[in-house]
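S.K.: Okay, here's the structure, questions in a sec.
The values are calculated or read from the model by the stated rules, or taken from the named source; none is laboratory data. No experiment lies behind these values; they were computed from the predicted model shown. Virtual Cβ from ideal backbone geometry, glycine too; neighbours counted across all protein chains shown. Surface areas here come from the heavy atoms of the whole protein model, side chains and all, with no ligands, DNA or RNA. Shrake-Rupley method; radii C 1.70, N 1.55, O 1.52, S 1.80 Å.
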Amino acid sequence: MTTMKMTETEAMQTSAAASPPVVLPTTVATTTIKSKKLTLIPLIFLIYFEVAGGPYGEEPAVKAAGPLYALLGFMIFPFIWSIPEALITAELSTAFPGDGGFVIWADRAFGPFFGSLMGSWKFLSGVINIAAFPVLCIDYLKKVIHPLESGWPRSLAIMVSTCILSFLNFTGLTIVGYAAVLLGLVSLSPFIIMSLAAIPKIKPHRWFSSGQKGLKKDWNLFFNTLFWNLNFWDNVSTLAGEVDRPQKTFPVALLVAVIFTCVAYLIPLFAVIGAVNVDQSQWDSGFHATAAEMIAGKWLKIWLEVGAVLSAIGLFEAQLSSSAYQILGMADLGFLPKFFGLRSKKFNTPWVGILVSTLITLGVSYMDFESIVASANFLYSLGMLLEFAAFIWLRMKKPQLKRPYRVPMKLPGLVIMCLIPSGFLVVIMVVATKIVYLVSGLMTLGAIGWYFFMKFLKSKNVIKFNDGGENEEG
């Protein structure tokens with residue numbers, strides 16, 4: 001891996017910070033394993049699976065608010081959320097190209113306490129989000145394999161699939177990247193066929209329906225569905241240290257991924273809404289499979305359900321990679337004990353990070369799907385508010401910092417760009433349930449306690465911590 005060093009300009013700016021920030025970790029130059037770097041195409045598909053993985057899971061937006069609002073949501077939301085988040089990720093990932101991503105950004109802006117808090121919020125939201133994918137996968141499979149609907153067969157299927165997919169992640173990020181390319185193309189193919197087959201059956205007036213009369217709109221479900229399907233753009237930042245020429249590769253990959261993701265959501269949604277006339281209450285997660293059978297026959301339903309399984313695999317692998325490398329980055333930066341930065345001698349992957357992420361994922365994977373989405377969204381919202389603040393603060397306080405990619409706006413424009421999605425984050429948090437408030441509050445208190453616990457251990461030299469130095473293999 002390439003050694004990352006601060007320039008003289010960056011070092012001068014860093015010394016002027018209010019609290020001493022953490023130095024980006026360097027990596028051993030003479031290692032027994034030569035790590036292969038992620039290139040553009042695999043990175044595009046990893047970002048795609050960090051965020052979407054296909055139209056699977058978009059259906060509840062129609063159930064919650066009706067066809068028109070669902071279509072408008074998936075057309076407008078990328079402009080007020082996805083694009084700003086992708087732009088911020090491109091700028092900060094190229095300015096600080098190390099494993100740890102947003103943890104580094106918060107630390108450089110506000111100091112180690114906020115760096116640790118950011119890491120805790122984003123890690124917990126990430127592993128909660130990962131837990132949704134085996135559940136989503138089983139929700140599709142149960143339409144074909146009925147014993148998976150409930151009971152011990154469902155629980156066993158979730159546990160076994162989680163463990164197998166975690167082992168695949170252990171074999172290497174490059175393998176995961178190229179697997180994401182294949183999984184993305186194969187999982188999208190039935191949607192392409194379904195959309196083409198739907199064209200003769202489309203009745204455009206259905207697109208403008210605001211919903212069935214007498215049905216109360218569920219804005220909580222609507223906004224959480226949009227948010228869950230179009231967020232996590234910054235997760236890929238934790239892989240910046242594993243990317244070939246990140247300063248050039250990241251902006252291009254993010255641009256292509258934003259366009260690709262939005263098109264992949266909208267085309268099937270327009271096709272199915274226009275071609276199928278069903279009760280709005282049927283638009284649960286997995287309804288696209290039912291629609292495929294109505295449009296083209298059972299063969300396409302089965303193909304789409306197979307695609308759902310493949311998509312869930314891609315989503316799981318991409319997001320587990322980000323969580324695992326985030327743990328690695330936090331260990332390199334000294335936020336976690338050195339042990340958490342151990343890499344496999346055979347595959348050079350962060351096996352401790354993968355193991356920790358998998359165990360927590362298993363712990364929350366038996367929550368219902370909507371509860372998983374709501375909990376992940378709330379924690380992620382807290383992290384994103386801190387991330388927007390860090391982005392603006394770094395622009396204000398370190399205007400001369402070398403930024404290979406720079407969002408082409410002056411400070412007032414950047415503030416507006418961040419305020420709009422921040423308003424949406426507040427909406428997401430306001431409409432959350434009491435259970436979500438309770439769980440998120442307890443997790444935040446735990447994150448604060450964890451920071452001071454780590455600080456205590458470090459001061460007493462109870463456990464070895466990195467000081468921003470080398471990774472260790474084990």
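S.K.: Check V462 against each of (1) in a loop (DSSP other than H, G, I, E, B); (2) open to solvent by 50 Å² or more (accessible area, probe 1.4 Å); (3) in contact (Cβ under 8 Å) with a residue 24 or more places away in the chain; (4) not charged (D, E, K, R) and name the one condition it does not meet.
M.R.: The single condition V462 does not satisfy is (3).
S.K.: Shifting gears a bit: Return yes or no: is P246 modelled with pLDDT of 90 or more and buried (at least 18 other Cβ atoms within 10 Å of the Cβ)?
M.R.: Numbers: modelled with pLDDT of 90 or more: no; buried (at least 18 other Cβ atoms within 10 Å of the Cβ): yes.
No.
S.K.: Please go through the range 267-292 and give me each residue that is more than 26 Å from the chain's Cα centre (by Cα) and surrounded by fewer than 18 Cβ atoms within 10 Å (Cβ to Cβ), ordered by number.
M.R.: Answer for the range 267-292, where residues must be more than 26 Å from the chain's Cα centre (by Cα) and surrounded by fewer than 18 Cβ atoms within 10 Å (Cβ to Cβ): N277, V278, D279, Q280, S281, Q282.
S.K.: Would you pick out the residues in the range 440-459 that are among the aliphatic types (A, V, I, L, M), in contact with a Leu (Cβ under 9 Å, 6 or more places away or on another chain) and open to solvent by 30 Å² or more (accessible area, probe 1.4 Å)? Walk me through how you get there before you give the answer.
M.R.: Step one: list which residues in the range 440-459 are among the aliphatic types (A, V, I, L, M), which gives 442-443, 445, 447-448, 454, 457.
Adding the requirement that they be in contact with a Leu (Cβ under 9 Å, 6 or more places away or on another chain) leaves 443, 447-448, 454.
Of everything in the range 440-459, those that are among the aliphatic types (A, V, I, L, M), in contact with a Leu (Cβ under 9 Å, 6 or more places away or on another chain) and open to solvent by 30 Å² or more (accessible area, probe 1.4 Å) turn out to be M443, I448.
S.K.: Something else now. Specify the residue that is least open to solvent (accessible area, probe 1.4 Å); the eligible residues are those in the range 149-205 that are modelled with pLDDT under 90 and charged (D, E, K, R).
M.R.: Ranking the candidates gives R154 first.
S.K.: Pairs needed: first member in the range 327-350, at positive phi; second member anywhere, of a type in the set (V, I, T) and surrounded by 19 or more Cβ atoms within 10 Å (Cβ to Cβ); C-beta distance under 8 Å; at least 6 residues apart or different chains.
M.R.: Between residues of the range 327-350 that are at positive phi and residues that are of a type in the set (V, I, T) and surrounded by 19 or more Cβ atoms within 10 Å (Cβ to Cβ), the close pairs are G334/V22.
S.K.: Report, by residue number, each residue of the range 206-238 that is under 30 Å from L38 (Cβ atoms) and either open to solvent by 10 Å² or more (accessible area, probe 1.4 Å) or not in a loop (DSSP other than H, G, I, E, B) (or both).
M.R.: We begin by selecting, within the range 206-238, every residue under 30 Å from L38 (Cβ atoms); these are 225-238.
Result: T225, L226, F227, W228, N229, L230, W233, D234, N235, V236, S237, T238.
Here is a yes/no grid of residues against (1) open to solvent by 10 Å² or more (accessible area, probe 1.4 Å); (2) of a type outside the set (S, T, Y):
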{"site": "G54", "(1), (2)": "no, yes"}
{"site": "V62", "(1), (2)": "no, yes"}
{"site": "P78", "(1), (2)": "no, yes"}
{"site": "G101", "(1), (2)": "no, yes"}
{"site": "A106", "(1), (2)": "no, yes"}
{"site": "G111", "(1), (2)": "no, yes"}
{"site": "F114", "(1), (2)": "yes, yes"}
{"site": "S125", "(1), (2)": "no, no"}
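S.K.: Would you mind finding the one in L185, L148, L156 that is in contact with a Lys or Arg (Cβ under 7 Å, 6 or more places away or on another chain), in a helix (DSSP H, G or I), without any contact (Cβ under 8 Å) to a residue 60 or more places away in the chain and not basic (K, R)? It would help to see each step written out before you state the result.
M.R.: On the way: L185 fails: in contact with a Lys or Arg (Cβ under 7 Å, 6 or more places away or on another chain); L156 fails: in contact with a Lys or Arg (Cβ under 7 Å, 6 or more places away or on another chain).
Criteria check complete, one pass: L148.
S.K.: Now for a different question. Would you call T433 closer than 21 Å to G115 by Cβ, surrounded by 13 or more Cβ atoms within 10 Å (Cβ to Cβ) and among the hydroxyl-bearing types (S, T, Y)? Spell out the reasoning first.
M.R.: Numbers: closer than 21 Å to G115 by Cβ: no; surrounded by 13 or more Cβ atoms within 10 Å (Cβ to Cβ): yes; among the hydroxyl-bearing types (S, T, Y): yes.
When the stated conditions are applied, T433 does not pass them.
S.K.: Go through the range 293-312 and give me each residue that's open to solvent by 20 Å² or more (accessible area, probe 1.4 Å) and touching a Phe, Trp or Tyr at 6+ places or on another chain (Cβ under 8 Å).
M.R.: Within the range 293-312, V309 is the sole residue that qualifies.
S.K.: Considering only helices (runs of 4 or more DSSP H) fully contained in the range 1-105, which possess at least 1 residues that are at pLDDT 90 or above? Talk me through it step by step, then tell me what you get.
M.R.: Values: elements: 8-15, 40-51, 60-65, 67-77, 83-95.
Here the list reads 40-51, 60-65, 67-77, 83-95.
S.K.: For the range 318-341, state whether one or more residues are open to solvent by less than 10 Å² (accessible area, probe 1.4 Å), at pLDDT below 90 and of a type outside the set (V, I, T).
M.R.: No, because not a single residue in the range 318-341 is open to solvent by less than 10 Å² (accessible area, probe 1.4 Å), at pLDDT below 90 and of a type outside the set (V, I, T).
S.K.: Of the conditions (1) open to solvent by less than 30 Å² (accessible area, probe 1.4 Å); (2) under 25 Å from N224 (Cα atoms), I416 fails just one. Which one is it?
M.R.: Of the numbered conditions (1) open to solvent by less than 30 Å² (accessible area, probe 1.4 Å); (2) under 25 Å from N224 (Cα atoms), the odd one out for I416 is (1).
S.K.: For the range 245-259, how many residues are under 13 Å from M75 (Cα atoms) and in contact (Cβ under 8 Å) with a residue 24 or more places away in the chain?
M.R.: The qualifying residues number 1.
S.K.: Report, ordered by the first and then the second residue, all pairs with beta carbons closer than 7 Å, sequence separation of six or more or different chains, a first member in the range 220-236 that is among the hydroxyl-bearing types (S, T, Y), and a second member that is at pLDDT 90 or above.
M.R.: T225/E58; T225/P60; T225/A61; T225/A64
S.K.: Checking P408 against (1) over 27 Å from F250 (Cα atoms); (2) free of Cβ contacts under 8 Å to residues at least 12 places away in the same chain, which test does it fail?
M.R.: Failing condition for P408: (1).
S.K.: Can you tell me which of (1) more than 29 Å from L442 (Cβ to Cβ); (2) open to solvent by 50 Å² or more (accessible area, probe 1.4 Å); (3) in a helix (DSSP H, G or I); (4) touching a residue at least 40 places away in the same chain (Cβ under 8 Å) is the one K143 doesn't meet?
M.R.: Evaluating K143 over (1) more than 29 Å from L442 (Cβ to Cβ); (2) open to solvent by 50 Å² or more (accessible area, probe 1.4 Å); (3) in a helix (DSSP H, G or I); (4) touching a residue at least 40 places away in the same chain (Cβ under 8 Å) leaves (3) as the failure.
S.K.: Taking T94 and the conditions (1) under 17 Å from I428 (Cβ atoms); (2) in contact with a Lys or Arg (Cβ under 9 Å, 6 or more places away or on another chain); (3) among the polar types (S, T, N, Q), which numbered condition does it fall short on, given that it satisfies the others?
M.R.: Of (1) under 17 Å from I428 (Cβ atoms); (2) in contact with a Lys or Arg (Cβ under 9 Å, 6 or more places away or on another chain); (3) among the polar types (S, T, N, Q), only one is false for T94: (1).
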